[in-house]
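Here is the structure we will look at, set down as structure tokens.
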Amino acid sequence: VERVLPAEILVLLRSDHGGTFSKLIKQEFDRLSIPYSDPEVINRILADANNRRMLEIFRLLVHREDSLAWASLLKLTSGIGGKFFNYIYHRAYDAHCRFGTALLSAHADNFSGAPTVSASRARTMIKSVLGWLDSHKAPTENQEIGWGQWIINTAGDAVVPTPSDEFRELLVALDKLTEPKVRLDRFLGQITPLGKDYAANES
């Protein structure tokens, strides 16, 4: 039997729902200090509820009416159902505006006509987020530290969760990959594509 060197062995997984097989393989690779490429690492990091909540609030720091950010925060808030989303969608349609604008307008109207339980949960969440946004301001791009490190330093309270260790490592790494004078909105938009490139290159 021909001997095959360990360095010449390649393990490929086409699909692996929920990490059923790959989790065990990765654990063993980590134990043996064998590097591997994990194309799903960025998706996994951003799927973490605390990481996602933190990221969406920083998006709102750039644009307070960001519809996708508000929709994500609503999804992450327990007790807010589809009827509440439909309520906001109808307000947006009637006012010819975007979801984020309609949501903040409805909040100012104390969610008149909205499902009671969902409205209460949304009101509490939005009030805390708006309070945090009012007390924080992003510095100019001419800062001494990178945006990733600034995000890490700024996060970590009752409203904006501390990023996971994996996310912290990624944010610091992205500081070295992004342009020195890139704006915060640009940095946030590059997290997913540059993160995937970084993960692949590290392996």
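The values are calculated or read from the model by the stated rules, or taken from the named source; none is laboratory data. For clarity, every value in this text was computed on a predicted model and none was experimentally measured. Reconstructed Cβ throughout: ideal geometry from the backbone, glycine too, with neighbour counts over all protein chains shown. Heavy atoms of the whole protein, side chains included, go into the accessibility calculation; ligands, DNA and RNA do not. Shrake-Rupley method; radii C 1.70, N 1.55, O 1.52, S 1.80 Å.
Brief remarks follow.
- Residue, modelled with the highest pLDDT, within segment 126-144, restricted to residues that are farther than 21 Å from ASP66 by Cα and open to solvent by 70 Å² or more (accessible area, probe 1.4 Å): GLU144
- For ARG53: the one exception among (1) touching a residue at least 12 places away in the same chain (Cβ under 8 Å); (2) in a loop (DSSP other than H, G, I, E, B): (2)
- Members of segment 145-165 found to be under 16 Å from LEU46 (Cα atoms) and either exposed (fewer than 15 other Cβ atoms within 10 Å of the Cβ) or modelled with pLDDT under 90 (or both), listed by number: THR162, ASP165
- Residue check, PHE58 under 23 Å from ALA173 (Cα atoms) and open to solvent by less than 10 Å² (accessible area, probe 1.4 Å): yes
- Pairs where the first residue, in segment 79-97, is closer than 15 Å to LEU68 by Cα and the second is open to solvent by 80 Å² or more (accessible area, probe 1.4 Å), C-beta under 9 Å, 6+ apart: PHE85/LYS75; ALA92/ARG98
- Among the residues examined, LYS196 qualifies as modelled with pLDDT under 85 and basic (Lys, Arg).
- Positions within segment 158-170 being without any contact (Cβ under 8 Å) to a residue 24 or more places away in the chain and either assigned to a loop (DSSP other than H, G, I, E, B) or of a type outside the set (Asp, Glu) (or both), in sequence order: ARG168
- Subset of segment 79-129 (residues that are of a type in the set (S, T, N, Q) and farther than 16 Å from GLU56 by Cβ): ASN86, THR101, SER105, ASN110, SER112, THR116, SER118, SER120, THR124
- Residue within segment 95-113 that is crowded, with 18+ Cβ neighbours inside 10 Å and modelled with pLDDT under 95 present: no
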